[in-house]
Amino acid sequence: MQFDYPEYLAARPRENGVMESALWIDPSGGISCEKFAAALIGIGVPEQGMMRAMKAAAGELGLLDAHSHVELLPDGSLAHRLHITFFEQRKPLSLGDAADKLNKVLSLADVEGEYADVVKRALSILFAGEAHSVRAASSPQVETVQLSVIGEAHTPYEHKAPYQPALGNVSDGVFFIQISPQFIAGLAGLETFSHILVFAYLDRSRTAKIRVRPPWTEGQEYGVFATRSPNRPSPIGLSRTRLQRIEGDRIYTGPLDLFNHTPIVDIKPFIRSLDAGDRPEEEGNDGWLQGSDHLELHRLGVPHEHPESTERLHYTERLLVCLTGIGWGLQQLGVDLHSIVCASPVHIWQAGGLSRVSQGIMEQYHIDYEQRPDAGASLTADGVAILAAIAPDFVTRDSSASEGLRVGIGVGGERSTLAPFYGALRLMLV
């Protein structure tokens with residue numbers, strides 16, 4: 001249908017004759033929290049003020065730097081890109097503590113009333129969607145089995161563990177596996193082996209993905225079973241380590257690439273004549289990792305960082321910072337939260353796929369979407385949650401709707417060789 005946004009605004013009811021600023025959302029380039037906050041700067045939110053509001057979270061979430069910059073898009077438009085960097089390695093914020101922290105952070109940033117409520121609602125919608133996704137993944141439609149937890153790993157790693165156990169990690173602290181009493185008899189004879197294979201349940205892994213992009217491959221996608229990603233349908237980890245000694249119910253080992261208190265589901269001896277042979281180079285190959293410099297770092301046990309690993313570690317903190325910026329920006333503009341309009345359907349890049357969490361939120365809140373083959377439309381679950389929390393009026397997309405409006409364009413932090421430009425969110429203000 002033909003849609004005239006200024007005419008729509010003029011026709012809507014006003015309280016006491018006063019009309020607040022009204023917002024139009026165009027998610028043809030997808031949507032994310034970072035895109036939304038960046039686009040608000042483009043339509044007039046003072047950048048320094050928003051950054052101060054976001055940095056007000058520093059006392060609660062850790063020291064951080066937040067800033068934005070302007071960049072030229074392929075179509076010649078100017079867009080804002082938001083950057084949030086943490087300077088401290090604090091304990092990652094658990095999802096259970098996130099709601100309380102958001103309350104404190106919003107108060108520190110002076111975000112109040114319905115503007116605080118809308119970002120709190122977005123957080124609630126997102127976490128409810130993630131919880132539903134986890135339950136759906138273990139539904140009766142998927143065949144499951146039960147495993148016994150035979151003990152737990154004790155390591156020095158509370159918040160960040162190495163990606164591969166290495167000899168150089170010996171100085172990190174003491175490593176051992178505490179065996180549950182009913183399984184101690186199963187250790188008889190294990191002390192005769194020099195190395196063991198430890199199978200762990202990776203209880204801190206995130207929602208499983210079937211196709212993943214290993215962080216050092218510049219966006220190349222592989223099936224999860226061709227990678228070592230911890231986010232798997234069955235999050236089982238395997239570590240080979242030296243067996244130092246057994247004392248009662250404790251197996252003291254060499255370094256383990258596991259968090260402290262990780263559940264252990266099995267232990268097997270490493271039998272060299274069967275598992276390695278005299279010439280291990282003839283026993284197999286490195287598959288798609290053949291010749292990889294990154295694989296060599298893992299093989300040699302050289303300490304290194306994975307690209308953006310710190311950002312993923314602080315996902316919840318980054319989310320709270322973005323939500324604070326969005327709440328502050330909407331409040332600063334005086335946006336009428338009851339008269340927001342969104343162009344429909346939301347566009348999604350077909351090759352990028354749609355996560356189970358995003359799809360679940362869209363279906364629950366009746367948000368129409370369309371998968372498109374052209375690169376440039378990406379969205380995140382937190383972006384979908386923001387859209388659901390705002391609950392705009394959805395109207396058929398029409399290019400003439402932007403005439404005469406102030407336009408702000410925001411791009412997120414996503415970049416890849418598959419699609420260097422992942423699409424932009426456009427916000428328009430009256």
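In the stretch 341-358 there is at least one residue that is at pLDDT 80 or above and part of a helix (DSSP H, G or I). Residue count for the stretch 10-41 satisfying the condition of being surrounded by 13 or more Cβ atoms within 10 Å (Cβ to Cβ), part of a helix (DSSP H, G or I) and modelled with pLDDT under 50: 0. Taking the stretch 305-340 as the search range and keeping residues that are within 20 Å of Arg204 (Cα to Cα) and not in a helix (DSSP H, G or I), which one is modelled with the lowest pLDDT? Among those that are within 20 Å of Arg204 (Cα to Cα) and not in a helix (DSSP H, G or I), it is Glu308. One residue is enough: does the stretch 145-155 have a residue meeting the conditions at pLDDT below 85, of a type outside the set (Val, Ile, Thr), more than 30 Å from Ala98 (Cα to Cα) and part of a loop (DSSP other than H, G, I, E, B)? Yes - at least one qualifying residue is present in the stretch 145-155.
Scanning the stretch 62-82 for residues that are farther than 22 Å from Tyr315 by Cβ and hydrophobic (A, V, I, L, M, F, W, C), we see that the one that is surrounded by the most Cβ atoms within 10 Å (Cβ to Cβ) is Ala79.
Residues checked against (1) at pLDDT 80 or above; (2) among the small types (Gly, Ala, Ser):
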{"site": "Gln371", "(1), (2)": "yes, no"}
{"site": "Ala375", "(1), (2)": "no, yes"}
{"site": "Ser378", "(1), (2)": "no, yes"}
{"site": "Gly383", "(1), (2)": "yes, yes"}
{"site": "Ile390", "(1), (2)": "yes, no"}
{"site": "Asp393", "(1), (2)": "yes, no"}
{"site": "Ala401", "(1), (2)": "no, yes"}
{"site": "Arg406", "(1), (2)": "yes, no"}
{"site": "Gly410", "(1), (2)": "yes, yes"}
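Looking at the stretch 216-265, which of the residues that are touching a helix residue (DSSP H, G or I) at 6+ places or on another chain (Cβ under 6 Å) and either in a strand (DSSP E or B) or of a type outside the set (D, E, K, R) (or both) is modelled with the highest pLDDT? The extreme case among them is Ile246.
The values are calculated or read from the model by the stated rules, or taken from the named source; none is laboratory data. From a predicted model like this one, the values you see are computed outputs, not experimental measurements. All Cβ positions, glycine included, derive from the backbone under ideal geometry; neighbour counts span all protein chains shown.
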